[in-house]
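Where a number appears in this text, it was derived from the coordinates with a stated rule and is not lab data. All values reported here derive from a predicted model rather than from experimental measurement.
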Amino acid sequence: MILDSNLVYLIYAGGTFGSHGTPLKPLPSPVFLPILQELINKKITNKVMVLDNDIVKDSSALTPSDFVHFYQLIKNAYQKGLRRCVLLTGTDSLSFVSAFLANALVDLPDLSLIITGAMQPLLISDALPYVINDDSDAWQNLSNSIANLTNVGVMVHFFGQTFWANNTQKLHSHDNNAFVGTPIQQSTTPKVYSYPPTHHAILTNPEKIDAINIRAIYLLPNNPNHLIHELSTIEHNVDAVILIAFGAGNITKTDKLIAQLENLYQRQIPVICTSMCMLGGVSTTYQAGSWQYQHGVLSGGELGVAGIYGKLLWLIVSGNLNASAWNGYESPSI
């Protein structure tokens with residue numbers, strides 16, 4: 001089937017946006033989508049079509065195979081004509097799936113994709129029959145997302161703000177102003193970035209995809225020997241390690257820690273360093289952090305945990321996880 005490039009396409013994947021009941025739980029597509037479609041038809045001038053999607057769940061339950069499912073769904077629809085799309089998902093893993101899609105879809109230069117969700121359900125949670133919650137942020141986020149599809153790229157929209165999708169973070173567990181990132185309004189000239197080779201055999205087997213194991217280690221002001229021990233127990237089924245360090249990427253330097261980092265490097269298990277700070281990322285400003293990059297550790301740059309996870313996952317799925325790909329391949333953030 002050929003899709004109309006002038007239409008807006010919607011993917012409903014669950015999350016708070018379409019949740020109902022006490023406690024909240026995402027409504028199944030056959031229940032929620034007719035309600036949403038009726039509201040869209042009343043309030044939106046653009047014609048919006050829903051893409052079939054069978055992954056509808058709380059976003060905290062999403063796994064790597066679900067991320068790849070969304071990539072394949074959007075990529076296949078793009079090949080049939082889709083150019084403008086909104087993905088509705090939950091906020092818990094929104095930054096993670098957004099970063100993955102920003103990297104995975106970087107070779108579609110005329111795609112406009114916005115990922116959004118809500119901190120409050122579109123429907124009053126305990127009302128039957130279903131009633132629209134006028135105090136919810138859900139409708140505003142969706143309508144603003146559709147309006148912002150004039151921009152090209154993979155983006156996140158929330159609370160009146162549109163960010164590049166490769167590096168956003170959820171900053172609040174309840175407030176409507178829940179996300180931070182690089183606003184697209186700050187973009188003037190796109191960065192020069194390299195595209196991944198087009199001949200990659202993308203990993204598609206769900207069991208193999210969900211076997212991907214990206215570990216995260218959050219540093220605390222403990223004895224450095226605890227970190228050394230934790231790194232020494234990294235098993236061979238670990239694909240990569242994210243070190244969440246102090247400040248600009250600072251980690252206490254010891255000979256034993258150097259030995260463990262070099263051991264992981266020899267085992268071809270990439271270690272990426274990021275900051276526990278919400279903004280700013282890592283740098284080589286301080287000796288307390290710069291030493292590690294001489295022993296196989298890769299810099300996360302300005303990327304936070306979600307941004308690093310999304311990029312790592314795409315590089316693993318596409319069979320391109322190595323230092324040169326990490327350092328040389330950038331999604332088109334500004």
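What Rg and what Dmax come out for the stretch 206-328 when only alpha-carbon atoms are used, in angstroms?
13.6, 43
Would you pull out the residues with amide H under 5 Å of F158's amide H, same chain only if 5 or more places away, H placed 1.01 Å from N?
Distant-sequence amide H within range of F158: F163.
According to the Cα gyration tensor, what semi-axes, each the square root of 5 times an eigenvalue, does the equivalent ellipsoid of the chain have, listed from largest to smallest in whole Å?
37, 21, 18
Residue by residue through the stretch 296-308, what is 3J(HN,Hα) from phi via Karplus (6.51 cos²θ - 1.76 cosθ + 1.60, θ = phi - 60°)? Round to whole Hz and write x for glycine and proline.
Each residue of the stretch 296-308 in turn: x, 6, 9, 7, x, x, 8, 6, x, 4, 5, x, 5 Hz.
Against the longest principal axis of the chain, how steep is helix 94-104, in degrees 0 to 90 to the nearest 10, with axes from Cα atoms?
So the inclination is approximately 80 degrees.
Taking only DSSP H segments of four or more residues, each worth -39500 (n - 2.57), what value at 222 nm results for the chain once the sum is divided by all its residues, to the nearest 500 deg cm²/dmol?
It lands at -9000 deg cm²/dmol.
Expressed as cubic angstrom per residue, what is the convex hull volume of the alpha carbon set of the stretch 222-288?
Once divided by residue count, the hull of the stretch 222-288 is 92 Å³.
Which cross-chain or sequence-distant (5 or more) residues have an amide H under 5 Å from the amide H of V271, H modelled 1.01 Å from N in plane?
So V271 has HN proximity to V241, L298.
Whole-Hz Karplus ³J(HN,Hα) for the stretch 135-140, in order, using 6.51 cos²θ - 1.76 cosθ + 1.60 and θ = phi - 60°, x for Gly and Pro?
Result, ordered by residue: 8, 6, 7, 4, 5, 4 Hz.
For K25, list long-range residues whose amide hydrogen, built 1.01 Å from N in the peptide plane, is under 5 Å from its own amide hydrogen.
Result for K25 returns H20.
Calculate one ³J(HN,Hα) per residue across the stretch 43-56 by plugging θ = phi - 60° into the Karplus curve 6.51 cos²θ - 1.76 cosθ + 1.60, and present them in order as whole Hz with x for glycine and proline.
Residue by residue, the stretch 43-56 yields 10, 10, 6, 5, 7, 10, 10, 9, 8, 4, 8, 9, 9, 10 Hz.
Using DSSP, restrict attention to beta bridges with both residues in the chain and report what percent are antiparallel, rounded to the nearest 5. Could you put the intermediate results ahead of the total?
Details: 11 of 41 bridges.
Roughly 25 percent of the beta bridges in the chain run antiparallel, per DSSP.
Out of all Cα-Cα pairs in the stretch 8-186, roughly what percent, to the nearest whole number, are more than 26 Å apart? Could you put the intermediate results ahead of the total?
Details: 3362 of 15931 pairs.
So the pairs more than 26 Å apart make up 21 percent of the total in the stretch 8-186.
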